[in-house]
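Visitor: Take a look at this one; I'll ask things after.
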Amino acid sequence: MSAARHATGTFTVKMLPPLEAPSRFVRLQLDKTFDGGLVGTSEVEMLASNEGTTGSGGYVALERVTGTLDG
């Protein structure tokens with residue numbers, strides 16, 4: 001059994017304008033850029049909810065990453 005390896009690096013996030021009119025649910029699109037052990041980009045689709053009065057909310061997101069890991 002081989003020893004576990006870890007990649008380190010950074011990423012930046014660009015949030016695009018909401019895809020729909022404001023409501024209890026907000027659909028967001030994010031673009032990410034990765035540098036370091038993982039070099040690449042990703043596209044994220046997120047659906048978020050925040051009641052606004054209770055200080056709580058939630059989200060679900062799907063992310064598709066394209067890149068190379070450690071070369």
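No lab work stands behind these numbers, since they all come straight from the coordinates. Remember, it's a predicted structure, so these values are computed and weren't measured experimentally. Neighbour counts run over all protein chains shown; Cβ positions are idealised from the backbone, glycine included.
Visitor: I'd like the full set of residues that are surrounded by 14 or more Cβ atoms within 10 Å (Cβ to Cβ) and more than 19 Å from LEU69 (Cα to Cα), limited to region 24-43.
Guide: Those that are surrounded by 14 or more Cβ atoms within 10 Å (Cβ to Cβ) and more than 19 Å from LEU69 (Cα to Cα): VAL26, LEU28, GLN29, LEU30.
Visitor: Looking only at region 42-58, decide whether some residue is within 15 Å of MET15 (Cβ to Cβ) and β-branched (Val, Ile, Thr).
Guide: The answer is yes, given that some residue of region 42-58 is within 15 Å of MET15 (Cβ to Cβ) and β-branched (Val, Ile, Thr).
Visitor: Now for a different question. Test of understanding: among GLY58, GLY71, GLY67, which residue is exposed (fewer than 10 other Cβ atoms within 10 Å of the Cβ) and either in a strand (DSSP E or B) or in contact with a Ser or Thr (Cβ under 6 Å, 6 or more places away or on another chain) (or both)?
Guide: Working: GLY71 fails: either in a strand (DSSP E or B) or in contact with a Ser or Thr (Cβ under 6 Å, 6 or more places away or on another chain) (or both); GLY67 fails: exposed (fewer than 10 other Cβ atoms within 10 Å of the Cβ).
Answer to the selection: GLY58.
Visitor: State yes or no: is ALA4 of a type in the set (A, V, I, L, M) and not in a strand (DSSP E or B)?
Guide: Judged against the criteria, ALA4 is a match.
Visitor: Please go through region 27-40 and give me each residue that is in a strand (DSSP E or B), touching an Asp or Glu at 6+ places or on another chain (Cβ under 7 Å) and of a type outside the set (D, E, K, R), ordered by number. Give the steps one after another, and end with the answer.
Guide: Residues of region 27-40 that are in a strand (DSSP E or B), as a first pass: 27-36, 38-40.
Subsequent filtering for residues that are touching an Asp or Glu at 6+ places or on another chain (Cβ under 7 Å) retains 27, 29, 31.
Correct list: GLN29 only.
Visitor: If I ask for residues that are hydroxyl-bearing (Ser, Thr, Tyr) and surrounded by 11 or more Cβ atoms within 10 Å (Cβ to Cβ), which ones from region 44-55 would you list?
Guide: Within region 44-55, just SER49 meets the criteria.
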